[in-house]
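*Asks:* Shown below is the structure under consideration.
The values are calculated or read from the model by the stated rules, or taken from the named source; none is laboratory data. It should be emphasised that the depicted structure is a prediction, and the values quoted were computed from it without experimental measurement. Positions of Cβ are backbone-derived with ideal geometry, glycine not excepted, and every protein chain shown enters the neighbour counts. Quick note on the areas: whole protein, heavy atoms, side chains included, nothing else; ligands and nucleic acids left out. Shrake-Rupley method; radii C 1.70, N 1.55, O 1.52, S 1.80 Å.
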Amino acid sequence: MNDWVEACATGDIDEEDVMRFDHGGRTFAIYRSPDDEFFATDGLCTHEKVHLADGLVMDDIIECPKHNGRFNYKTGDARGAPVCVNLKTYPVKVDAGKVLIQIG
Amino acid sequence: MTDMARGMVIIGAGECGGRAALALRELAYDGPVTLVGDEPHPPYERPPLSKDAMVSEAPEIKAIASEAILAEKSIRHIHSVQAVAIDRAAHAVRLSDGSVLPYDKLLLATGSTPRKLPMPGLGPRCVYLRTFTDALAIRAHLTAGNRIAIIGGGFIGLELAAAARKLGASVTVIEAQPRILMRGVPAEIAEIIHEAHVAEGVKILCGDGIVSIADDGKQVRIALAGGQELSADLAVIGIGAVPVTGLAAEAGLTIDNGIAVDAELRSSDPDIFAAGDCCSFPLAVYGGRRVRLEAWRNAQEQGALAARNMLDTGEAHAAVPWFWSDQYGLSLQIAGLSDEGRSTVRRDLGDGAFILFHLAEDGRLVAASGIGPGNAVARDIRLAEMLIGKRAKPAPEALGSQAIKLKSLLAA
Ligand SMILES: Cc1cc2nc3c(=O)[nH]c(=O)nc-3n(C[C@H](O)[C@H](O)[C@H](O)COP(=O)(O)OP(=O)(O)OC[C@H]3O[C@@H](n4cnc5c(N)ncnc54)[C@H](O)[C@@H]3O)c2cc1C
Ligand code: FES
């Protein structure tokens, strides 16, 4: 259940960027922060379920592509209209150039 | 001295009023907050009314804040009641149920209302779309085979046309101008939307005015200047909107294409603010040009800004206008005011998606209009919006080249 799943290689995501990762019928978003750390959240915006990976990463914020709802991708916290429901986050580790996420 | 127990009163429980009430609490204001709305619902989002939400079997309200959340935040929501007069000297608002609400600060967030078609012959089968109640009434007619005439080729009409087609209705759009989306949308983009509608079976008649309408309560007959006649089971009129300013005008506030406010959203009365669709305000990014916007994000941002300034933050409006529309699988986004542009640079993003960058004479980026499948243009439009906000003058070659990331221009 709590297995670590390989999402991508570290080089697949630019710094301050986001990538979509689908696994087991679910969608996740994997982030690389400006200071080169990796994070993971649910991949769909809690406002109208669009893919966050099409959005824009700025510092520790992911901005939804549809209506610019904002979340802190490190904590999942919703940061302003129109979103109010937080995102679920997942533990991430980097091992031998691979980004692994723990899907609970 | 003001009596702090009077608190904040917001007239209009729409996108802007709802956001303003929530923002006051987020700002830790702990006095009374009263939200007055003439609709029976809690504040809700209007954009879904003309889009996919329309298509569901039983459309529901997409609430900004449920009655439970409003109660939890001690926001008093008075619904189904209209504000009918403002007594500025007494700092009080009179409501249609006869009650009187005193205020310290008042926010007018009365929105806009559909522009009426000035023509005899309109009847019960000729309708407008603004509220959830309107949407439900229209939804009941969007069944397979029913003939829907849409008067006006603007966003609301076109989005509704797409929804109606999805439900199997036959749709004709009548637009008096030579093309659809004349206002604010470049011809190159309007053409793609036009083609998408035609491919889905919508009939679009441009450059043809209506000479007469006859509505007998069962069907509507429309005669066009070009000689064509058509009948429809329902005619939806979408020819723009006008700001709701009656209450403000009667109270003697300055009106100028909407309730005129300053950069802090203060009207000509320092204790009365106005925000959202109902107000006109100086837009800093374009040298203080006075505009009125009918856009969802503007209503949100101005609601929150008005709340801050009602608490005397003294913060000036600084946002760049932004608008989006969805039709079929296509999404359009526009940042800035394209009419400020003198030249255009195109950037292709693949899959048919592209962005037009509009540059002023001095090379400043003033707007960006993009269209494409899904959210293909979203990220670059957002970056363009930030460049516009910074009053950047990016090199046209860089804007046009897919190889150059817009994010790198922002850092420059
Ligand atoms: C069908 C539809 C689709 C849209 N789609 C988009 C879109 O895709 N993208 C986009 O950017 N924008 C869109 N918009 C525009 C967006 O919804 C508006 O800009 C936004 O709702 C404006 O918010 P507001 O609070 O200023 O006004 P409103 O949402 O209109 O709210 C004003 C409220 O005040 C009430 N009121 C008025 N006078 C009084 C009074 N005297 N007393 C009590 N209550 C009063 C009104 O009944 C209303 O409930 C759409 C609008 C519609 C109608
Ligand atoms: S879908 Fe993400 S903000 Fe609306």
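*Asks:* Select from B:P114, B:A260, B:Q228 the residue farthest towards the positive end of the dipole of chain B; place +1 on Cβ of Lys and Arg, -1 on Cβ of Asp and Glu, and compute about the Cα centre.
*Replies:* B:Q228
*Asks:* Does anything in region A:80-103 have its amide N under 11 Å from the 7 Å Cα→Cβ label point of A:E6, and if so which residues?
*Replies:* Output list for this probe position: A:95-100.
*Asks:* Pairs A:K88/B:K62; A:K66/B:K203; A:K49/B:K390: which are spaced more than 25 Å apart, C-alpha to C-alpha?
*Replies:* Numbers: A:K88/B:K62 22 Å; A:K66/B:K203 29 Å; A:K49/B:K390 31 Å.
With Cα atoms farther than 25 Å apart: A:K66/B:K203; A:K49/B:K390.
*Asks:* Residues with beta-carbon under 9 Å from that of B:I237, excluding B:I237: net charge, scoring Lys, Arg +1 and Asp, Glu -1? Each step should come with its number before you reach the end.
*Replies:* Working: positive: B:R115, B:K116; negative: none.
Spelling it out: positives minus negatives among the neighbours equals +2.
*Asks:* Provide a whole-number value for the mean count of partner chain Cβ atoms within 10 Å of the Cβ atoms in peptide A:56-67.
*Replies:* Values: counts 9, 2, 5, 0, 0, 0, 0, 3, 3, 11, 7, 9.
The per-residue average across the peptide is 4.
*Asks:* Suppose each label sits 7 Å from its Cα in the direction of the beta carbon; what would the B:E195-B:H41 distance come out to in nanometres?
*Replies:* 3.6
*Asks:* Continuing with this model, one more query. Can you list the aspartates and glutamates whose alpha carbon is less than 12 Å from that of B:K105, not counting same-chain residues fewer than 8 positions off?
*Replies:* Output for B:K105: B:D3, B:D269, B:D271, B:D312.
*Asks:* So, with a 1.4 angstrom probe, what is the percent of accessible area on region A:6-104 that is carbon and sulfur?
*Replies:* The nonpolar share, carbon plus sulfur, comes to 43 percent.
*Asks:* Calculate the mean, over all residues of peptide B:38-47, of how many other protein chain Cβ atoms lie within 10 angstrom of the residue's Cβ.
*Replies:* Working: counts 0, 0, 0, 0, 0, 0, 0, 4, 0, 3.
Mean shielding count: 1.
*Asks:* Follow-up question, since we're still on this one. For region B:299-368 and region B:239-266, what is the centre-to-centre distance using only Cα atoms, to the nearest Å?
*Replies:* Region B:299-368 and region B:239-266 have Cα centres spaced 23 Å from each other.
*Asks:* Which ³J(HN,Hα) values in Hz, rounded to whole numbers, follow from the phi angles of region B:72-77 under the Karplus curve 6.51 cos²θ - 1.76 cosθ + 1.60, where θ = phi - 60° and Gly and Pro get x?
*Replies:* 4, 8, 6, 9, 7, 9
*Asks:* Hey, another quick one. Using a probe radius of 1.4 Å on protein heavy atoms only, what is the accessible area buried between chains B and A, both sides summed, to the nearest 100 Å²?
*Replies:* Working: alone 17500 and 5540 Å², together 21410 Å².
Interface area, both chains combined: 1600 Å², rounded to the nearest 100.
*Asks:* Could you name the aspartates and glutamates in cross-link range of B:K73, using Cα to Cα under 16 Å and dropping any fewer than eight places away on the same chain?
*Replies:* Within the straight-line cut-off, B:K73 pairs with B:E26, B:D30.
*Asks:* Hey, another quick one. Set the Förster radius R0 to 22 Å, insert the Cβ-Cβ distance between A:K93 and A:D14 as r into 1/(1 + (r/R0)^6), and round the FRET efficiency to 0.05.
*Replies:* It comes out at approximately 0.65.
*Asks:* Calculate the radius of gyration of the Cα atoms of chain A to one decimal place, then report Dmax, the largest Cα-Cα distance, as a whole number, both in Å.
*Replies:* Calculated on Cα positions, Rg and Dmax stand at 12.5, 39 Å.
*Asks:* Leaving out ligands and nucleic acids, note down the accessible area per residue over region B:163-248 with a 1.4 angstrom probe, in whole Å². Don't jump to the answer; show the numbers that get you there.
*Replies:* Working: 3800 Å² over 86 residues.
Result: 44 Å² of accessible area for each residue.
*Asks:* Percent of accessible area on chain B owned by carbon and sulfur, 1.4 Å probe?
*Replies:* Answer for chain B is 53 percent, counting heavy atoms of protein chains only.
*Asks:* Per residue, what accessible area does chain A have, given a 1.4 Å probe and all protein chains present, in Å²?
*Replies:* Per-residue value: 46 Å².
*Asks:* Once the dipole of region A:1-55 is set up with Lys and Arg at +1 and Asp and Glu at -1 on Cβ about the Cα centre, which of A:G24, A:W4, A:G55 lies farthest towards its positive end?
*Replies:* Value: A:G24.
*Asks:* Please state the charge dipole magnitude for region B:4-62, taken about the Cα centre, from unit charges on C-beta atoms (+1 on K and R, -1 on D and E), reported in debye and rounded to the nearest 20.
*Replies:* 240
*Asks:* Output needed: percent of Cα pairs per 20 Å distance bin for the protein assembly as shown, bins running from 0 to the one holding the longest distance.
*Replies:* So the P(r) values, bin by bin, are 21, 52, 26, 1.
*Asks:* Using just the helices of the protein assembly as shown, give the 222 nm mean residue ellipticity in deg cm²/dmol: DSSP H runs with n ≥ 4 each add -39,500 (n - 2.57), and the total is spread over all residues, rounded to 500.
*Replies:* The per-residue figure over the protein assembly as shown is -5000 deg cm²/dmol.
*Asks:* Please report the net charge: other residues with Cβ closer than 12 Å to the Cβ of B:R125, K and R +1, D and E -1.
*Replies:* 0
*Asks:* Still on this structure, I have one more. So if I place +1 on the C-beta of Lys and Arg and -1 on the C-beta of Asp and Glu, and nothing else carries charge, what would the dipole magnitude of chain B be about its Cα centre? I want it in debye, nearest 20.
*Replies:* Using only the charged Cβ atoms, the result is roughly 520 debye.
*Asks:* Right, another one. Given +1 on the Cβ of Lys and Arg, -1 on the Cβ of Asp and Glu, and no further charges, what dipole in debye does region B:296-398 carry about its Cα centre, rounded to the nearest 20?
*Replies:* Working: 11 positive and 13 negative charges, 34 e Å.
Charge dipole, region B:296-398, about its Cα centre: 160 debye, nearest 20.
*Asks:* Under the rule of at least 5 residues apart or a separate chain, name every residue whose amide H is placed under 5 Å from the amide H of A:M58.
*Replies:* The answer is A:E63.
*Asks:* Let me ask something else about it. Would you calculate the separation in nanometres between label points at B:K405 and B:D271, each defined as 7 Å from the Cα along the Cα-to-beta-carbon direction?
*Replies:* 5.3
*Asks:* Give me the aspartates and glutamates in straight-line cross-link reach of A:K74: C-alpha distance below 17 Å, same-chain residues under 8 apart excluded.
*Replies:* Cross-link targets: A:D14, A:E15, A:E16, A:D17, A:D35, A:D36, A:E37, A:D42, A:D59, A:D60, A:E63.
*Asks:* Which net charge results when you count Lys and Arg as +1 and Asp and Glu as -1 among the other residues whose beta-carbon is under 14 Å from that of B:H79?
*Replies:* -3
*Asks:* Take the alpha-carbon centre of region B:1-76, take the same for region B:110-154, and report the distance between them in whole Å.
*Replies:* Measuring centre to centre over Cα atoms gives 25 Å.
*Asks:* Determine the shielding of peptide B:293-301 by partner chains: average, over its residues, the number of Cβ atoms on other chains within 10 angstrom of each Cβ.
*Replies:* Numbers: counts 0, 0, 0, 3, 4, 0, 1, 5, 2.
Going residue by residue through B:293-301 and averaging, the value is 2.
*Asks:* Assuming 0.36 nm per residue, please report the length gained on full extension of the stretch B:A140 to B:E67 beyond their Cα-Cα distance. Each step should come with its number before you reach the end.
*Replies:* Working: separation 73, 0.36 × 73 = 26.28 nm, distance 2.67 nm.
Answer, rounded to one decimal: 23.6 nm.
*Asks:* Still on this structure, I have one more. How about region A:1-48: which of its residues lose at least 30 Å² of accessible area in the presence of all protein chains relative to their chain isolated, using a 1.4 Å probe?
*Replies:* So the qualifying set is A:H47, A:E48.
*Asks:* In whole Hz, what ³J(HN,Hα) sequence does region B:249-265 give by Karplus (6.51, -1.76, 1.60; θ = phi - 60°), x for Gly and Pro?
*Replies:* With the stated coefficients, region B:249-265 comes to 5, 5, 7, x, 6, 5, 10, 8, 6, x, 5, 6, 10, 8, 4, 8, 6 Hz.
*Asks:* Moving to a separate point now. Tell me the Kirkwood radius of region B:1-90: reciprocal of the mean inverse pair distance over distinct alpha-carbon atoms, in Å. Before the final figure, lay out each step's value.
*Replies:* Numbers: mean 1/r = 0.0700 Å⁻¹.
One over the average 1/r among Cα pairs gives 14.3 Å for region B:1-90.
*Asks:* May I pose another question? Charges on Cβ only, +1 for Lys and Arg, -1 for Asp and Glu, centred on the Cα centroid of chain B; of B:L49, B:G287, B:I381, which one is farthest towards the dipole's positive end?
*Replies:* Sorting the options by dipole projection puts first B:I381.
*Asks:* Report, as a whole number in µm² per second, the diffusion coefficient that Stokes-Einstein gives for region B:301-412 at 4 °C and 1.567 mPa s using the Kirkwood radius over alpha carbon pairs.
*Replies:* Answer, rounded: 88 µm²/s.
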